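Structure in structure tokens, see below.
The values are calculated or read from the model by the stated rules, or taken from the named source; none is laboratory data. None of these values were measured; they are calculated from a predicted model. All Cβ positions, glycine included, derive from the backbone under ideal geometry; neighbour counts span all protein chains shown.
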Amino acid sequence: MSISISSGDPDELILRLDRRRGRVKGTLRILKIRDNDFHILYIPELNISGYGDTENEALEMVNLVLQDFADGLFAMPSKEMDKELLKYGFSPVRLARKNFKFNGSYIDNQGVLKEFELPENTPIENKIVAV
């Protein structure tokens, strides 16, 4: 699985799941956080993060964790997978059974800093990640 990061604010957060091919595609938010010498990348809607000495190391870790997440989803029966995604705030899009749109709570930067136990003045960049 490969992901690319770009600037902007997505119109909607969506996942497209292809169970037959074992593929996940979509558009999600990713937060870039710098904590001293560490780079942290965090996808709040899936509670997935990666870190490293460089942004590339953090991105590699996010890729691995995202692949594990996808593998776990595809190992579930369809109804369980739907329930699991619903826990994260994603619900199926009518007429497009493979698509799941994010309808959950927005997680603001202060909430993220608190979750990672970082100082309030820690800079966070909001980006878009294409899976």
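Hey, could you check region 42-97 for residues that are loosely packed, with under 14 Cβ neighbours inside 10 Å, of a type in the set (D, E, K, R) and in contact (Cβ under 8 Å) with a residue 12 or more places away in the chain and say which is farthest from Leu118 (Cα to Cα)?
Asp71
Looking at region 78-131, which of the residues that are hydroxyl-bearing (Ser, Thr, Tyr) and not in a loop (DSSP other than H, G, I, E, B) is farthest from Val62 (Cα to Cα)?
Going through the qualifying residues, I end up with Ser78.
Okay, residues lined up against (1) in contact with a helix residue (DSSP H, G or I) (Cβ under 7 Å, 6 or more places away or on another chain); (2) among the small types (Gly, Ala, Ser); (3) modelled with pLDDT of 90 or more:
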| site | (1), (2), (3) |
| --- | --- |
| Ile5 | no, no, no |
| Gly8 | no, yes, no |
| Arg21 | no, no, no |
| Lys25 | no, no, no |
| Ile33 | no, no, yes |
| Leu41 | yes, no, yes |
| Leu59 | no, no, yes |
